[in-house]
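Derivation of every value follows stated rules applied to the coordinates shown; laboratory data play no part. The structure displayed is predicted, hence computed values, not measured ones. Note: ideal-geometry Cβ built from the backbone for every residue, glycine included; neighbour counts use all protein chains shown.
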Amino acid sequence: MPIGLIALALGGFGIGLTEFIIMGLMPEVAGTFGVTEAQAGWLITGYALSVAVGALVVTAAVTRLPRKQVLLGLLVLFVLGNLVDAIAPTYGVMMLGRIVAALCHGAFFGIGSVVAGAMVAPEKKASAIAIMFTGLTVSNVLGVPLGTFLGQAFGWRSTFWAITVIGVIAFVGIALLVPAMERDTAAVSLRRELNAFRSGQVWASLTITILGYGGMFGAFTYIAYVLTDVSGFPSSAVPWLLVVFGVGLFVGNLLGGRAADRALDRSLLIILSALTVVLALFAVLAYSPVATIIALVLMGGFGFATVPGLQMRVMKYAGEATTLVSGANIGAFNLGNALGAWIGGVTITAGLGYTSPIWAGAAITLAALVVLGISTTRDRRTGDGARQAVSPALVA
């Protein structure tokens, strides 16, 4: 694999760390600015909403520009946002920094997916995308625990200074190691990028992303309550159990990329089926500490094994107009997060217990499986995928 993929993964690591680190440092940040836990939580919500907006708006704004230069510009935005957070004198300024940093998130992963796929042979595209997303998984496995430790030891601002440095290193790495794409020499038509959304398979793929990813993260959002109140773990064990979950993410991401390269839709059907079963069994066996640990690994593994395939699928049906739909799919991942978390919260509020979000996650994932099955059947009957492979013409 080209070494430039490592530079893209480093950028993904920094962006993932920015997104998730606030969860570990929320008490310290809230204490500094004198805000409540709920107000501090808006730093997460504000980031997620900014990602969803940036995934479409920023990507659309830069679609005619050379992709490598766009990635470098997005990292400048990322560095600026984290620098603002590192020195933020007020809660409002902190929120502004979070929003600025988040604007690059969707566009970076969306355009980065296209660049990563273009750096390798066609039969290795999903694996290349998986390597780029490895940075995101590593940020969960190692970055968040280490960043939390750094922030607790030297103040939460030190973590954002460290993330700023990571952004600078990623900028240098991409500048030196990622080649300019051949397509960069020609202007890309925004109209053609928008026309990609005429494809019913593109919309089906976005729906599958929202539901498939939303099911897993809907269950994961309230996992701390499950671990302590249902499985019986002490609160001190929760960070280590999240590392176990993160290991599953890391392994699943890489294996999912390889599986998608071999058989895209078939691998997604198998993975989503397995994830549905794992979530249902987890909901039933959550009272068992041993079963919970196994379920965490499998939930993370099968959950993130879908990511390279889901990203590859939406790009497949976009034909040659992949830039904007790729960014839109990153936004779909975040919409899935919000949907799963909201439905899980509704079930808890309704008094259904802390395992209810896991049951809800299984139902949402099953819905994704149904949509994928219908979409795959339609593809076989109409040959949408085959036409997209030989022509940029769009399927209505």
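Candidate cross-link partners of K316 among the lysines, defined by an alpha-carbon separation under 17 Å and a same-chain spacing of 8 or more, comprise K124, K125. In a fully extended conformation the segment linking V370 and T382 would gain 2.5 nm over its present Cα-Cα distance, using 0.36 nm per residue.
Normalised by 2.2 N^0.38 Å, where N is the number of residues, the C-alpha radius of gyration of segment 114-162 stands at 1.63. The alpha-carbon atoms of segment 189-390 define a convex hull whose volume equals 108 cubic angstrom per residue.
Assuming charge only on the beta carbon of Lys and Arg (+1) and of Asp and Glu (-1), the dipole of the chain about its Cα centre is about 1020 debye to the nearest 20. Ranked by the mean number of other Cβ atoms within 10 Å of their residues, highest first, the peptides 92-99, 250-257 come out as 250-257, 92-99. With bins 5 Å wide beginning at 0, the percent of Cα pairs of segment 229-310 falling in each bin runs 3, 17, 23, 21, 16, 10, 6, 2, 1. The calculated FRET efficiency for V57 paired with V165, based on their beta-carbon distance and R0 = 22 Å, is about 0.20.
Taking the fewest neighbouring Cβ atoms within 10 Å as the starting point, the ordered list for S199, S205, S273, S231 is S273, S199, S231, S205. Residues T292, T59, T306, arranged from fewest to most other Cβ atoms within 10 angstrom of their Cβ, appear as T292, T59, T306. Using only the C-alpha atoms, the convex hull of segment 315-364 corresponds to 65 Å³ per residue.
Toward the positive end of the charge dipole of segment 1-111, with +1 on the Cβ of Lys and Arg and -1 on the Cβ of Asp and Glu, the farthest Cα among I15, A40, L25 is that of I15.
Span-like helix check, the chain: qualifying full DSSP H segments, with Cα axial length of 24 Å or more and mean Kyte-Doolittle of -0.5 or more, are 4-33, 37-62, 67-87, 91-118, 156-177, 200-221, 238-262, 264-285, 289-316, 323-349, 356-382.
For segment 1-182, the spread of Cα coordinates along the three principal axes comes to 52, 31, 23 Å, biggest extent given first. Tell me what the chain gives for mean residue ellipticity at 222 nm when only DSSP H runs of n ≥ 4 count, each as -39,500 (n - 2.57), the sum divided by the residue total, rounded to 500 deg cm²/dmol. So the calculated ellipticity at 222 nm is -27500 deg cm²/dmol. Dipole of the chain computed with +1 at Lys/Arg Cβ and -1 at Asp/Glu Cβ about the Cα centre; of V53, F160, V226, farthest Cα towards the positive end is V53.
Fewest neighbouring Cβ atoms within 10 Å first, the residues V165, V29, V230, V278 line up as V165, V230, V29, V278. Recomputing volume of the Cα convex hull per residue in Å³ from the coordinates shown identifies the correct label among [x] 312; [y] 121; [z] 153 as [y].
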